[in-house]
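Structure first, commentary second.
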Amino acid sequence: RETAEESVFQDVLEILSSASGVLEQSCEGSCGLAELDTCLLLTAESFRCLRNACIECARNQHILRNLGLISTSVHLIKLLHGIQIKEELLLTALRCSLQFLGNIAAGNGDSQNSIWNCAFPDLFLTCLTYRDEKIVTYCCMVLFTCLNSERVRELLDPGNLAVALHVLRVYKEQLDTEWSFLIVTEHFLKCPELVKALYAKLSNQERVTLLELMMVKVSDQDSLTSEEMTVFVRHAEFLAACFQEKCGAVLKLTAAADAEDEEALVTIRLLDVLCEMTSSKGQLEHLQAFPGLLETAVDTLRLTHLAGKQAVNIFTATHAVTGQEEISHPAVGFKSHLIRLIGNLCYKNKENQDKVYDLDGISLILDNCSIDDNNPFVSQWAVYAIRNLTEHHEQNQALIARLEQRGLADSSALQRMGLEIQQRGDKLMLRSVRKKP
């Protein structure tokens, strides 16, 4: 491979140039099927030759690029797409042509520039929507290889945003999970402006898909660079604003008929991501100060708790003694996650501890600390939230002590939290107690 003469590649170029002429005639209807089949076979074999010549060989990549084979290939792909047949020879030629572009671009900035200049956005728009999984996969490979931070910003142009939309849809429809996953997580999520523009154009189902991809990235905080951490602070603020705007949608889930309401499912996923983000110190500090987020979480907890008391629905606390089948409703755990978010936002933050006191959120959390099959681990998250609310905060400690004395707080629940009430003179104090081994 490394010793191939340039004349060999010139011969392949001539074959492809001749193939272009035949394909143009085919598009005009002046080419017979037998001649077309021969042309497609030659095209596929030529691209196989070029594809293999480029593998880990910068010399051949350079020669092929200088011969103009990238522009020739892009032109051929457009012609192949215009042929109104779906036989295997055509699909093979298309697949091999995209594999060649992927191989000539691998590790080669000059080739990547050339492909981008020749192919963006038309080739990607064409191949990402093709009804052949392998063609979609190879197109994603080429796109991933060519993308960089500057080119990602080109996707912000209204005419180019469709490329990003199609990539996300490819992932959602599971046509290609590896390359489309990498494009979103390694490129798109590094551009907050693109994420915001994408989110505005997506359907609710597609928003859930994007949020799930963000969750994958956020859950692996240790792998984020300092630059990515800064980017995710901006993501966090955007998602917090989205949650504040749409949090009321989750109340639609009180009706059995609306159990799959798509707007409500987005709200649930937004809360999941915010919980994960507030588990990271970098994003926590910004979200603790985000205007209205804590108030929204407390208000939403109050509304869902009230809805569960007014009628039997997914927000009603339930405990099946006999161990029934697992509940699969999408809102399972929603109140648990609200309490987790409140607890996170109050971690070592006196201003937020004060806010929850003013919003009467402490009694609300205490009222949600019993075992609830609709909210697994709710009692554990309540323990966590109460500890964060009372740490170095005498006013909140005294409030819980008064609630317990008046019978408004379950003393057994406090004991499960490792807390007890002590009287010091005329003051009631909440103290942590060590459990006996």
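Using the structure shown, decide if Cys118 is of a type outside the set (Ser, Thr, Tyr) and open to solvent by less than 10 Å² (accessible area, probe 1.4 Å).
When the stated conditions are applied, Cys118 does not pass them.
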**Request:** Scan Gln25, Gln10 and give me the residue that is more than 24 Å from Leu143 (Cα to Cα), modelled with pLDDT of 95 or more and assigned to a helix (DSSP H, G or I).
**Result:** Gln10
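Pick out the one residue from Leu64, Leu90, Leu69, Leu50 that is within 21 Å of Ser26 (Cβ to Cβ) and either of a type in the set (A, V, I, L, M, F, W, C) or in contact with a helix residue (DSSP H, G or I) (Cβ under 6 Å, 6 or more places away or on another chain) (or both).
Leu90
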**Prompt:** Of all the residues that make up region 1-19, how many are surrounded by 14 or more Cβ atoms within 10 Å (Cβ to Cβ) and touching a residue at least 60 places away in the same chain (Cβ under 8 Å)?
**Reply:** 2
**Residue within region 107-114 that is farther than 14 Å from Ile77 by Cβ, part of a helix (DSSP H, G or I) and open to solvent by 60 Å² or more (accessible area, probe 1.4 Å) present** = yes
**Asked** Restricting the search to region 197-224, which residues are buried (at least 16 other Cβ atoms within 10 Å of the Cβ), of a type in the set (Lys, Arg) and either outside the structural domain of Asp261 (by the TED database) or closer than 18 Å to Cys247 by Cα (or both)?
**Response** Arg207
**Prompt:** Do any helices (runs of 4 or more DSSP H) entirely within region 326-378 hold 1 or more residues that are small (Gly, Ala, Ser) and open to solvent by 10 Å² or more (accessible area, probe 1.4 Å), and if so, which?
**Reply:** 361-366
**Item:** Test set (1) of a type outside the set (Lys, Arg); (2) at pLDDT 90 or above; (3) within 31 Å of the chain's Cα centre (by Cα) - His329 fails condition number
**Value:** (2)
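The values are calculated or read from the model by the stated rules, or taken from the named source; none is laboratory data. The structure displayed is predicted, hence computed values, not measured ones. Please note: Cβ atoms are built from the backbone with ideal geometry, for glycine as well, and neighbour counts cover all protein chains shown. With ligands, DNA and RNA removed, areas are computed over all heavy atoms of the protein, side chains included. Shrake-Rupley method; radii C 1.70, N 1.55, O 1.52, S 1.80 Å.
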